[in-house]
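The values are calculated or read from the model by the stated rules, or taken from the named source; none is laboratory data. No experiment lies behind these values; they were computed from the predicted model shown. All Cβ positions, even for glycine, are placed from backbone atoms using ideal geometry, and neighbour counts span all protein chains on display.
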Amino acid sequence: MMIPRVLLLIIILLFTSCAKDHIEVIKEKEVKSATEMILTFQDRPQEKVQEYRWRTLNSYEDFIKANKGYKSDLMAKSMHQLADIYMEIEENTYMKRKGSFDHSRSRGLYEEILKLYPKRPENGGILYQLARGYMEEGELNKSNRMLERIIKEFPDGKFSQEAAFRLGEYYFSLNDKQKAVSYYRQALKGDDSSLYEKSLYKLGWSFFQSKDYEGAADMFMALLQRKGISLTPEGKEEIGEISIIERDMVWDSINTLVLVFDYMGDPSKIANYFKVRGVQEFEPYVYRKLGDIYLNTGRFKEAADVYEAFVNTNPLHEDAPVFQSKIIEAYTRGNMVDLAYNSRIKFVESYMEDSIWFKSNRRMAQKRIKDLVDYNKGLIKTDMYNLAKFHYSNARSSNKKDDYFEAILWIRRFIDIFPQEPESINLRYMLVEVNFIYAEIYSELKEYEKALAEYEKVAYKYQPSPFSAEAGYKILFYLEKLAKPSGKLRTDSDYPIRLADGGKNFVKAFPEDKRVPEVMLNSAEIFFQLDKFGESREMAEPVLIHTLSTDKERYTAQRIIAESYLKEQVYNRSEEEIRKAISMIPEGSRKDLPLLERALGSSLYKQAEGLRAQGKKLEAAEAFERAYNTAPNSDIAPLALYDAGILFEEALQIHRAIRMYETLTIKYPDSRFAYDAVIQWGEISEEFKQFADAAKIYEKAVGITTDTEQQEKMLYRSFLMYEKANDSDGLNNNYRIYGEKFPKSPKMVELTFKLGKNKEAKNDISGAKELYEKVVLLNEKLKAGATLETSELAANAQLILSDYKKRSYEDIKLVNPLEKNLKKKEKLLKETLAGYTTAAKYRISDITTEATYKMGEMLEQFKDAILNSDRPAELTPEQLEEYNFLLEEQAFPFEEKAISTYESNIRKTINEGIYNQWVRISYDKLAQLLPARYKRNEIGERFSGDLTAAIADDPGLYNRRGIMFRENGEFKKAEEDYLKSISLKPDFPEPYINLGILYELYLGKFTDALKNYKEYVKLTGNSKEITVWIDVLEKKRAKKSQN
């Protein structure tokens, strides 16, 4: 038997699974085939089913109960299959005969599966079965909870779409449209086409009942598009092959869609709906169907409005003429005669052969509409002609703007519709006349743009008439008002270019008009101001040969041509044209001559600039000179002279350069280039060593400029030139002027010093002394304004004044009368020492060391003067010996003071690194006066090579070069060379002695000096002289330590 064999297979397989530690070894397809076999028994005769069903199910139940403790996917699937069998059995006809459903058995097993296996992907199917069971039992709330769980827990499962739809249906039945819409929208996310379409349909009804008419329209149209329904512009429906149920849904959707748009109200809302969503294939149908409904129910105006809404929204649609015809039909059936008549006119205007619609549509559509247009034209012609004439007469009578507008409108409409009819000829003349008057009215109202538009039609668009030229001129007149509202051309609008182009149009259209020259000139000037120079000349050149042009107009045209070339930088051509303009100046326009001369000068100047840019200096200079000669009274003349001078100078045409600068200075002293020209002129004289001339030229510059800084600068340069020229009179005069103009200038210190030098050179010592004293005084008056330069000059002046006294001091000899001469000499000694001390206090190193040396020298001389003074004649030999002894006691303190003074210069070397000729000879003096302390002779020959060049690694060379560096005061370099010499040959004695002298006398490093002296003694054994040096240094160190 078949059933026991299958059950045996299932049992064997299940037990095998349990025996292997619950490892799943039963294949899913084997279990499925077994359960499907069981289910097939329902198709067998009732007796067989009865025989096997319960035995099979009981065995299956016993097996599951016996193995219930073993959890596995296979067990879950077995339980699921058994619960499904329960569900099917519960729904069979036997259970139905009892009058109600009872799914408690299947539900118990389903719920146990959910409890044991809560995360199974197949649980969505279980929830669906539970929901179905509850629904069949009438437990709708419980059913809905199962459906909501499906959506929440299995949103992408195969039951979620149906769950969402069923929930939508439930809430729709409760009139809860908000929740219904939410669930229907979720149902749209599924793959079941039937459920998708039903959801669209029910969404449409939900929105409609919620008065969201646009939302309802969206849903119904989406459904119809999905079903491939064709709704034609003629109001027909093409549904095709679909089921009866679907057909009912589709028809209901179509009818409700039209109803939706009716409920929207105003036709403009229909238009807005389709405008927002773009072109829709159902749009013509909706308008047509709704309009036809209104038409057939006697709502004629509403029908016309709906048809018109489509035409206004879709003016180029292929079926727009059909809708326009329906408008006429609606007005006609509604007995609205005027509206019907105007609709016919609009039909003809909108769809005749030259209309935009006609040009935009297919030939078949054109052909279909042409007969309708001709038919309607015949119905409107006579009335339109009479209307046009009526409005013309009415406008002439009332002279009102609105009436003229109506007249123009009706005349133009008739001519547009019937261009070849005889009536149009008469109307065209009327149109020109009323259009001109209409433009005049706008201009009087200062509505210039509207006036211009109307004048444009009369002048250039209509057939020629007596009004054409006047209208063309009016265009120019009012454009000029707009382009020059305050008399000056606007550059922030397009009016200027419209005005200029308008002139071109006028000249072309009305060449014989007497105003043509004036118009051409005006356009030429506008183009010129707009930097359109080619077009400017294009308008100006014909004026020169026009028979109606006056002399003044020809001159003006020539001037515009010339200046346009100048603006374009075509300078050779501009020069030619400017000369022509100058020759054409009318008697009443002579005031223009300077302007033209300046323009000519500018042209020549620019040509000169071009030559300069090419490096042709001489040709450029001559061109600049020509520009000056051409326009000497223009502002370009001084610049041309200056540039010519510069280039003549560069071309070595010196005399011509001077002539340019001189002319500029004389003729244009107020020019901003005059000052620079004078400087250039002066510098040429200076370069050629004509210093006196240069001085006078620079003085001339003082009178040209009002800038005090420049004036002072020029006076200073003039003074220097007089100084070079050795012109005492010039120097004195310049100094006087400088002092008057700039008495407090720091430069006065320098000029006073220089003038003192000049007088000194001329042996005017008295005058020189006076000036040197003034230098010191002037520097003192500067106080905080004193500079290093003025202080140095004051120090020099003080030094020179002290030198003067020193020479007087030296001239006094200590001869009889001894007492008198001694007092004089001692007095001068004190005064001179005081003067040198003052000079030294300026702390200018060269002056300080010089003053210091000279003070030491004076003290030394005073000692010698005392020792060499005359002796009294009456002294005995013993007395003379005692007298000499007393003199020596008086004299030698001055020697000590002299030594101390010289040593102060030495300290400047050691402490400040100052070494110059005065310091050097101070060393020499000290070597004579204190040889034990200062007389040190370096060992080595004099270096004769280049001090900056590299030398070979020869210790002798480095030693010799070190001596040279020391003599030059470059002590650091001397030290480096001595050390290098020692490093090259450590047992070479000469650099040791030389380095010791450097350290002792020039760097004050006594310890280092001792070290090197001792090293020298160690290497040579020559200790006699060096021992003395070492002893002196030891004592000096000891004394320094005691202090």
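Yes or no, residue by residue, for (1) at pLDDT 95 or above; (2) on the phi < 0 side of the Ramachandran plot; (3) within 60 Å of the chain's Cα centre (by Cα); (4) surrounded by 18 or more Cβ atoms within 10 Å (Cβ to Cβ):
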| residue | (1), (2), (3), (4) |
| --- | --- |
| A784 | no, yes, yes, no |
| S808 | no, yes, no, no |
| P817 | no, yes, no, no |
| K863 | no, yes, no, yes |
| L886 | no, yes, no, no |
Count - residues of region 908-927 that are within 21 Å of A1009 (Cβ to Cβ) and surrounded by fewer than 14 Cβ atoms within 10 Å (Cβ to Cβ): 4
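Just to be sure before I move on: is E162 over 27 Å from E112 (Cα atoms), of a type outside the set (S, T, N, Q) and not assigned by TED's automatic domain parsing to the domain that holds G108 in the structure I sent? Spell out the reasoning first.
Working: over 27 Å from E112 (Cα atoms): no; of a type outside the set (S, T, N, Q): yes; not assigned by TED's automatic domain parsing to the domain that holds G108: yes.
Answer is no for this residue.
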Residue match in region 626-633 (condition: farther than 20 Å from I666 by Cα and either modelled with pLDDT of 85 or more or part of a helix (DSSP H, G or I) (or both)): no
Residues satisfying the stated conditions in region 155-180, i.e. over 23 Å from N123 (Cα atoms), surrounded by fewer than 22 Cβ atoms within 10 Å (Cβ to Cβ) and not hydroxyl-bearing (S, T, Y): E169, F172, L174, N175, D176, K177, Q178, K179
Pick from region 467-498, criterion in a loop (DSSP other than H, G, I, E, B) and touching a Lys or Arg at 6+ places or on another chain (Cβ under 9 Å), ranking: nearest to L452 (Cα to Cα): K484
Subset of region 895-930 [in a helix (DSSP H, G or I), closer than 24 Å to I1026 by Cα and of a type in the set (A, V, I, L, M, F, W, C)]: I899, I906, I910, I921, L926, A927, L929
Helices (runs of 4 or more DSSP H) enclosed by region 72-157 - at least 1 residues per element that are over 30 Å from F172 (Cβ atoms) and of a type outside the set (V, I, T): 73-90, 93-96, 104-116
Residue match in region 870-880 (condition: at pLDDT below 90, surrounded by 12 or more Cβ atoms within 10 Å (Cβ to Cβ), more than 60 Å from the chain's Cα centre (by Cα) and among the acidic types (D, E)): yes
Residue, surrounded by the fewest Cβ atoms within 10 Å (Cβ to Cβ), within region 1012-1034, restricted to residues that are in a helix (DSSP H, G or I) and without any contact (Cβ under 8 Å) to a residue 12 or more places away in the chain: K1024
Meets criteria (of a type in the set (D, E), surrounded by fewer than 22 Cβ atoms within 10 Å (Cβ to Cβ) and within 18 Å of A834 (Cα to Cα)) for E750: no
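Which members of region 294-303 meet the condition of being more than 14 Å from G265 (Cα to Cα) and buried (at least 16 other Cβ atoms within 10 Å of the Cβ)? Outline the logic, then answer.
First, pick out the residues of region 294-303 that are more than 14 Å from G265 (Cα to Cα): 295-298, 300.
Those that are more than 14 Å from G265 (Cα to Cα) and buried (at least 16 other Cβ atoms within 10 Å of the Cβ): L295, F300.
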Only one of R344, R333 that is surrounded by 18 or more Cβ atoms within 10 Å (Cβ to Cβ) and basic (K, R): R344
Counted residues, region 252-307 - those being over 25 Å from Y331 (Cβ atoms), among the small types (G, A, S) and under 60 Å from the mean Cα position of the chain (by Cα): 1
Of residues in region 995-1011 being touching a Ser or Thr at 6+ places or on another chain (Cβ under 9 Å) and part of a helix (DSSP H, G or I), the one nearest to A974 (Cα to Cα): L995
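Does R936 satisfy the condition of being at pLDDT below 90 and either crowded, with 20+ Cβ neighbours inside 10 Å or of a type in the set (K, R) (or both)?
Criteria not met by R936.
Any idea which of M221, M249 is touching a residue at least 60 places away in the same chain (Cβ under 8 Å) and over 20 Å from A303 (Cβ atoms)? Break it down into steps so the answer makes sense when it comes.
On the way: M249 fails: touching a residue at least 60 places away in the same chain (Cβ under 8 Å).
The conditions single out M221.
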Tally of residues being touching a Lys or Arg at 6+ places or on another chain (Cβ under 9 Å) and within 18 Å of Y735 (Cβ to Cβ) across region 779-789: 2
Check on G298, on the phi > 0 side of the Ramachandran plot and modelled with pLDDT of 75 or more: yes
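How many residues does region 931-972 hold that are among the aliphatic types (A, V, I, L, M) and assigned to a helix (DSSP H, G or I)?
If we filter region 931-972 for residues that are among the aliphatic types (A, V, I, L, M), which is where we start, we get 932, 939, 947, 949-952, 957, 963-964.
Filter once more, keeping what is assigned to a helix (DSSP H, G or I): 932, 957, 963-964.
Matching residues across region 931-972 total 4.
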Sole exception among (1) within 30 Å of Q324 (Cα to Cα); (2) aliphatic (A, V, I, L, M); (3) at pLDDT 90 or above for L257, by number: (3)
Residue list for region 442-496, filter: basic (K, R) and closer than 27 Å to Q529 by Cα: K446, K450, K474, K481, K484, K488, R490
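Condition check ((1) modelled with pLDDT of 90 or more; (2) under 14 Å from A898 (Cα atoms); (3) not basic (K, R)) across all residues:
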site	(1), (2), (3)
I812	yes, no, yes
L822	no, no, yes
E826	yes, no, yes
K841	yes, no, no
I847	yes, no, yes
G856	yes, yes, yes
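For region 230-262, enumerate the residues that are part of a helix (DSSP H, G or I), of a type outside the set (A, V, I, L, M) and surrounded by fewer than 14 Cβ atoms within 10 Å (Cβ to Cβ). Break it down into steps so the answer makes sense when it comes.
In the first step, residues of region 230-262 are kept if they are part of a helix (DSSP H, G or I); the result is 244-262.
With the extra rule that they be of a type outside the set (A, V, I, L, M), the set shrinks to 246-248, 251-253, 255-256, 261-262.
Hits for region 230-262 are D248, W251, N255.
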